[in-house]
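Novice: Could you have a look at this structure, given as structure tokens, before my questions?
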Amino acid sequence: MSTSIVDDAARRRGLHAYQADGVCSQIRDALLSGPLLVGYALLLGASNTEVGLLAALGPATQVLQLPTVALIERWRRRKAICWWAALIGRTAALGILVLPWALPSGARVPALFGLLLVVAAFATVSGAAWNPWMRDFLPDETRNRVVARRMTIATAIGAPLTLAAGFAIDRLRDAFGAPAEAYVLVLGVGAVAGLAGLIPLGRIPEPGMAPATHRPWRDVLGAPFRHREFRALVAFLAAWTFATNLSAPFFTVYLLKRLDLPMAMVLAATVLSQATTVLVLRAWGAVADRFQTLTVLRVSCAGFLLSVALWPVAGMLHMPWLVLAVIAAIHILAGLTTAGVSLTTGTVAMELAPRGEAAGYLATNALVSGAAAALAPVLAGVGADWLETQRLSITVAWTSTFGPGQRLALEPLNLHGLDFLFVATVLAGLYAIHRILAVVEWKAADRRAIVAALVAELREQVPQSLRALTTVPAMRDMVYFPFSLLGRLLPERRREGRKGR
């Protein structure tokens, strides 16, 4: 129920519910998405093309942001829209659990797609109402700390559960004699956690919205494109989302099929990446406050592209211990840099969205980024099967005249299959970084100074983070956080300063 003013007592109770919802969302998203969902789809018979389509389902439903904004403008009840949409979507997720026994093998993958489409569609509706709701509920003066606390608690609780899920699937597969039961049990925990999360979600109060102005749709959706800096930001996020989604859905496929790693090892790499994120999250926040957010964003984006560029290196190695070392380095670097990307993209998007008009601005941004995120994995999935037949290699050979058989050959480049998608991600990502130069910065900072500041922050904060990790007894998995949920708003005066330009 909406209330025009949320008093201090109600806000405190709501903040506790906000943190509890974060934990439930973490468990749900961890066990019903990511490597586990990809592994389940592969078990049901999904191909590379279908994995790409699977990754495109969520972004493709972003078009539902438009009718959701219309409902918000008409009903002015964001909490009700969010809660009921979440209930329908999370209930539909239960149908995923019966697919191995309810349908013949040829119908399982299409049924999985149908159910996940329903889940994604109502998740989009729920998220479109959640973002402006939290935009008004979270207090401006402590928003950074509240959001960072939610992220830290959720990630810390989630990481061990991810690792446990991987070992459970491998052990239960041996116990049952078939992997389907193992996957269903693990996915079932995620489905139950999602339904349980509706309880704290319903306890978060909703501040009342301002009276409707009944603006024309062309004004609501056109305003973000008339805002020069927000338009540039949308262009960057669309290009960046397209670049990352060319290869990100296939990380799990690469580890399971190309490198032939067990699911426990795949999820252990995920935990390593998320543990790194927990350790550096506060440091990135401090550095972003010290330097300009957009400059920090470029540095973290470049670091992430470096981690993507290392994937083909792992595929060219033959010694198992060296392969695992490179995979570990990739996930550590990815965890380090994606923490900065997630925080800064959310900060800029919500910073530039005017108060009272956030729904239209964030919905437009999500719609454009969603279209890019839906197109990229489809193109990558269709091309992945064809790329498996392609190879690009460079061999450097040296033959000696000192004796017969004195020949040395090196192969510094050997790309085939999914390796080409990683190269495409790096090239498209570099273009995206170029696009963000169009967003005006308040102050520029040298990249070396940013890296040095990050190292200094880590020296102060990592020991405390390590103690926090090692003293939590029952933690669970990682979560994919949408950029608008990770928004770390800068002070309100900065936004007003930009609007006054």
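Novice: Please list the non-local residues whose amide H lies under 5 Å from the amide H of GLU206, H modeled 1.01 Å from N, same-chain partners needing a gap of 5 or more.
Specialist: Long-range HN contacts for GLU206: THR3.
Novice: What ranking, highest mean first, results for peptides 230-236, 64-70 when packing means the other Cβ atoms within 10 Å averaged over each residue?
Specialist: Details: 230-236: 20.9, 64-70: 19.0.
Per-residue Cβ counts within 10 Å, averaged per peptide and sorted highest first, yield 230-236, 64-70.
Novice: Under 10 Å from the Cβ of GLU206, count the other residues' Cβ atoms, weight Lys and Arg +1, Asp and Glu -1, and hand me the total.
Specialist: Numbers: positive: ARG76, ARG77, ARG78, LYS79; negative: ASP136.
For residues surrounding GLU206, the net value is +3.
Novice: Let me ask another. How big is the gap, in Å, between the Cα center of the range 38-90 and the Cα center of the range 92-122?
Specialist: Here the answer is 14 Å between Cα centres.
Novice: Okay, next question. Going from most exposed to least, what order do VAL296, VAL98 have by accessible area with a 1.4 Å probe? All intermediate terms of the calculation are to be shown ahead of the outcome.
Specialist: Values: VAL296 0, VAL98 75 Å².
Sorted descending by solvent-accessible area, the residues read VAL98, VAL296.
Novice: Follow-up question, since we're still on this one. For the range 9-157, what relative contact order do you get, as a whole percent, if you take Cα pairs closer than 8 Å and at least 6 residues apart? Can you show the working numbers first?
Specialist: On the way: 102 pairs, mean separation 55.6, N = 149.
After rounding, I find 37 percent.
Novice: Calculate one ³J(HN,Hα) per residue across the range 192-200 by plugging θ = phi - 60° into the Karplus curve 6.51 cos²θ - 1.76 cosθ + 1.60, and present them in order as whole Hz with x for glycine and proline.
Specialist: Those phi angles translate into 5, 4, x, 5, 5, x, 5, 5, x Hz.
Novice: Let me ask another. Taking the Cβ-Cβ separation of ASP174 and SER105 as r and a Förster radius of 35 Å, what is the calculated FRET efficiency to the nearest 0.05? Present the calculation step by step, with values, prior to reporting the outcome.
Specialist: Working: r = 22 Å, r/R0 = 0.64.
FRET efficiency, ASP174 to SER105: 0.95.
Novice: Rounded to the nearest 0.05, what FRET efficiency do ARG203 and ALA325 give with R0 = 41 Å and r taken as the Cβ-Cβ distance? Could you check? Walk me through the numbers before you get to the answer.
Specialist: Working: r = 46 Å, r/R0 = 1.12.
Plugging the Cβ-Cβ distance into 1/(1 + (r/R0)^6) gives 0.35.
Novice: From the phi of every residue in the range 93-98, what ³J(HN,Hα) in whole Hz does the Karplus formula 6.51 cos²θ - 1.76 cosθ + 1.60 yield, where θ is phi - 60° and glycine or proline is x?
Specialist: 5, 5, x, 4, 6, 9
Novice: Scale the Cα Rg of the range 42-144 by the rule-of-thumb value 2.2 N^0.38 Å and send over the ratio, two decimals.
Specialist: On the way: Rg = 16.7 Å, N = 103, 2.2 N^0.38 = 12.8 Å.
Expressed relative to 2.2 N^0.38 Å, the Cα Rg reads 1.31.
Novice: Using a probe of 1.4 angstrom, how much of the accessible area of the range 65-199 is carbon and sulfur, in percent?
Specialist: Numbers: 3930 of 5640 Å².
That fraction is 70 percent.
Novice: Oh, and also: Which distance in nm do the two modelled labels at ASN414 and ASP7 give, with both placed 7 Å along the Cα-to-Cβ direction?
Specialist: Going by the 7 Å Cα→Cβ label model, 7.2 nm.
The values are calculated or read from the model by the stated rules, or taken from the named source; none is laboratory data. The shown structure was predicted, so the numbers you read here are calculated from the model rather than taken from an experiment. Because the Cβ atoms are built from the backbone with ideal geometry, glycine has one as well, and the counts that use them run over all protein chains shown. Only protein heavy atoms, including side chains, enter the accessible area calculation; ligands, DNA and RNA are left aside. Shrake-Rupley method; radii C 1.70, N 1.55, O 1.52, S 1.80 Å.
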